[in-house]
Amino acid sequence: MIRSILSIFCFVLVAGCASAPPLTPRPSLQVANLGALPTPGRTDLIEPAREYVIGAFDKLNIDVYGIEDLKREKIEVDASGRIGFPFAGSVKAAGITPGELADLLTERLRKFVRDPQVTVNVVEGKSSAITVDGQVRKPGLYPVVGRMTLNRAIASAEGLTDFARVQEVVVFRTVGGKDYAALYDLGAIRRGAYGDPEIFANDIIIVGDSPQRRLLRDLVAITPLIVAPLITVLAR
């Protein structure tokens with residue numbers, strides 16, 4: 001599926017190159033007559049927190065204040081999204097936040113513990129991850145911490161390779177049982193033509209390949225001394 005969608009995107013991109021107008025900045029952008037970027041204040045340095053939702057195979061630290069016997073470290077959420085906890089039994093943890101799980105455990109423990117104070121912390125979040133693949137230096141799975149954008153996701157994979165095609169970055173996402181794919185131009189984003197899109201857990205990012213750059217590298221590799229222009233025919 002990924003290959004076919006990439007092929008469609010590439011066809012549309014090539015077909016529209018001849019007639020597509022050049023990218024222009026967003027109308028809302030204004031030029032500020034400043035000698036340098038302003039210094040951010042304290043509130044500017046703190047992004048709005050995004051609540052973490054627990055998923056299968058996440059590992060949690062659970063503590064009941066003052067009761068050492070109820071302390072559990074690195075308790076793993078099973079494949080069905082549940083955990084087992086003393087006096088509380090089997091508890092559905094996946095799909096809720098650590099704070100909500102703490103409230104749920106507190107309610108169940110009230111029958112056995114006087115005024116329980118439960119805290120839940122995620123120590124290993126294996127469920128909230130994205131896949132970054134294609135022409136990046138280090139393809140793989142990367143955790144989503146806070147607010148993740150497309151450029152930050154690429155940076156997590158140590159940036160683009162020399163053969164990356166910045167105009168062909170595809171993000172795959174499943175919402176409500178439907179599969180979506182969006183084509184982005186990193187160069188346009190970096191020029192301010194449109195905003196850096198937010199990336200969410202389970203997104204798949206594929207960075208396209210530039211065959212022209214690979215061809216140039218191969219030609220240089222087989223030609224020890226260039227004494228005339230290198231000319232080749234590129235297949236359309």
(request) Output the residue which, of all residues in the range 133-158 that are surrounded by 17 or more Cβ atoms within 10 Å (Cβ to Cβ) and assigned to a loop (DSSP other than H, G, I, E, B), is farthest from the chain's Cα centre (by Cα). (result) Gln135
(request) Name the single residue, out of those in the range 165-217 being open to solvent by 60 Å² or more (accessible area, probe 1.4 Å) and assigned to a helix (DSSP H, G or I), that is nearest to Thr149 (Cα to Cα). (result) Arg190
(message) So Arg108 passes all but one of these: (1) open to solvent by less than 100 Å² (accessible area, probe 1.4 Å); (2) farther than 30 Å from Arg165 by Cβ; (3) not in a helix (DSSP H, G or I). Which condition number does it fail?
(response) (3)
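The values are calculated or read from the model by the stated rules, or taken from the named source; none is laboratory data. Given the structure is predicted, the values throughout are model-derived calculations rather than measurements. Glycine gets a Cβ as well: all are built from the backbone with ideal geometry, and neighbour counts include every protein chain shown. For the accessible areas, the whole protein counts, side chains as well, though only heavy atoms, and no ligand, DNA or RNA atoms are used. Shrake-Rupley method; radii C 1.70, N 1.55, O 1.52, S 1.80 Å.
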